[in-house]
Amino acid sequence: MRMHTDQLTVDTKTAARLIADRFPHWADLPLTPVLPGGTVNAVFHLGDHLIARFPLLPTDPETALSALKEEDEAARELLGRTRFPTPEPVALGEPGEGYPMPWSVQTRLHGTSADRIDPGDGVDFALDLAEFVRGVRSIDTRGRVFAGTGRGGRVADHDAWVRTCLERSEGMLDVPRLRRLWEERFRDLPRGDAPDVMNHGDLMPGNLLVRDGRLVGVVDVGGLGPADPALDLLCAWDVLEERPRRVFRDALGVDDPEWERGRAWAFEQALGLVRYYRDTNPPMSRIGRRTLRRVLDDQG
């Protein structure tokens, strides 16, 4: 099912043709779509050790190529900085017949994503997740600061977006209660004095790989960058139930203001997931609902 109105279609036949044309030495490798696919890329397993990723949203090819190169740079910066595997860039592909955009190939990580096998009750998983966040934070920002787009700056900058989501969620969610929480508790939270630190930027369940209840890999690393230290804390509500969430917080030593901002980031993200993906990606919408339930139940 199409998730975006202008979404590109990338079927297995098209992906196989593009790979064979650009990288003939991979033409005989088995190619299998990863289903359900991602929200930003169509993803295919290419043999046992590679994945091919095709952006779903059309844009100027040069702009798209620049974005893919930035993703590769972020992936290289994170690679090996924690004990948890992350993807390594392998190659960039060119537009071709049936697909007008550049695309990428990365190493494949093995494990089951946390949106398919729920590790939310696991204390060991919570400790693994805290260790990963701590490792990402230890990467030197090299003087960089938040880029000013997306999540990771001031919570209040997202007021218009949250209001739009609330208006369009009437009949789907308890909008009056959510609006009160936003206006009375989250919207005007101060950013605080702590400097920006490196964040993965998208620690959602689908990007966390699990085996035997432990974290065994983290994918979709192109958003790595400096931001509010609270940004990556949103995974505490995206993934963890109450007791493991407390363990996660204690392991990171997070103070009350930072923890509350993390909760606000989780709220802002989840609200958009519920509405945007309600009909086009119901599992993603359900993740948003679960996160909102945890945010509402967690009083700090």
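Dipole magnitude of segment 171-300 about its Cα centre, charges +1 at Lys/Arg Cβ and -1 at Asp/Glu Cβ only, in debye to the nearest 20? If you can, show how the numbers build up before the last one.
Values: 21 positive and 23 negative charges, 129 e Å.
Using only the charged Cβ atoms, the result is roughly 620 debye.
What's the magnitude of the charge dipole for segment 92-202 around its Cα centre, counting Lys and Arg as +1 and Asp and Glu as -1 at the beta-carbon? Answer in Debye, nearest 20. List each step's numbers first, then the result.
Numbers: 16 positive and 20 negative charges, 67 e Å.
Result for segment 92-202 is approximately 320 debye, rounded to the nearest 20.
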Please report, in cubic angstrom per residue, the volume enclosed by the convex hull of the alpha-carbon atoms of segment 6-46.
-> 71 Å³
Listed residues Pro190, Pro102, Pro205, most fluctuating in the chain (Gaussian network, C-alpha, under 10 Å) = Pro190
Out of residues 5 or more away from Ser104 or on other chains, whose amide H comes under 5 Å of its own, with H placed 1.01 Å from N in the peptide plane?
-> Arg53, Gly93
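Carbon-plus-sulfur fraction of the accessible area of segment 1-160, 1.4 Å probe, in percent? Intermediate results must be reported in sequence, preceding the final value.
On the way: 4300 of 8350 Å².
For segment 1-160, the apolar C and S fraction of the accessible surface comes to 51 percent.
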If you roll a 1.4 Å probe over the heavy atoms of the protein chains, what accessible area per residue do you get for segment 13-122, in Å²?
-> 51 Å²
Could you state the per residue volume, in Å³, of the convex hull enclosing the Cα atoms of the chain?
-> 128 Å³
Only bridges with both residues in the chain count here: give the DSSP antiparallel percent, nearest 5.
-> 95 percent
Among Gly143, Ala130, Leu189, whose Cα lies farthest out toward the positive end of the dipole of segment 103-192, if unit charges sit on the beta carbon of Lys, Arg (+1) and Asp, Glu (-1)?
-> Gly143
With only Lys, Arg, Asp and Glu charged, each at its Cβ (+1 for the first two, -1 for the last two), find how big the charge dipole of the chain is about the Cα centre; round to the nearest 20 debye.
-> 500 debye
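Going by a ≥ b ≥ c, the root eigenvalues of the Cα gyration tensor, does segment 223-300 fall in the rounded group (a/c under 1.5), the prolate group (a/b larger than b/c) or the oblate group? The partial results should precede the final answer.
On the way: a/c = 2.23, a/b = 1.55, b/c = 1.44.
Note, shape of segment 223-300 comes out prolate.
Tally Lys and Arg at +1 and Asp and Glu at -1 over the other residues with C-beta under 11 Å from the C-beta of Ala52: what net charge comes out? All intermediate terms of the calculation are to be shown ahead of the outcome.
Values: positive: Arg22, Arg53, Arg108; negative: none.
Neighbour charge sum, excluding Ala52 itself: +3.
Divide, for segment 8-87, the radius of gyration over alpha carbons by 2.2 N^0.38 Å, where N is the residue count. Numbers along the way, then the final one.
Working: Rg = 13.7 Å, N = 80, 2.2 N^0.38 = 11.6 Å.
In units of the globular-protein estimate, segment 8-87 measures up at 1.18.
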Cα extents of segment 178-277 per principal axis, largest first, Å, are 40, 33, 30
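The values are calculated or read from the model by the stated rules, or taken from the named source; none is laboratory data. Just so we're clear, the structure is a prediction, and the values are computed from it rather than from any experiment. Glycine gets a Cβ as well: all are built from the backbone with ideal geometry, and neighbour counts include every protein chain shown. Areas reflect the complete protein model, heavy atoms only, side chains present, ligands, DNA and RNA absent. Shrake-Rupley method; radii C 1.70, N 1.55, O 1.52, S 1.80 Å.
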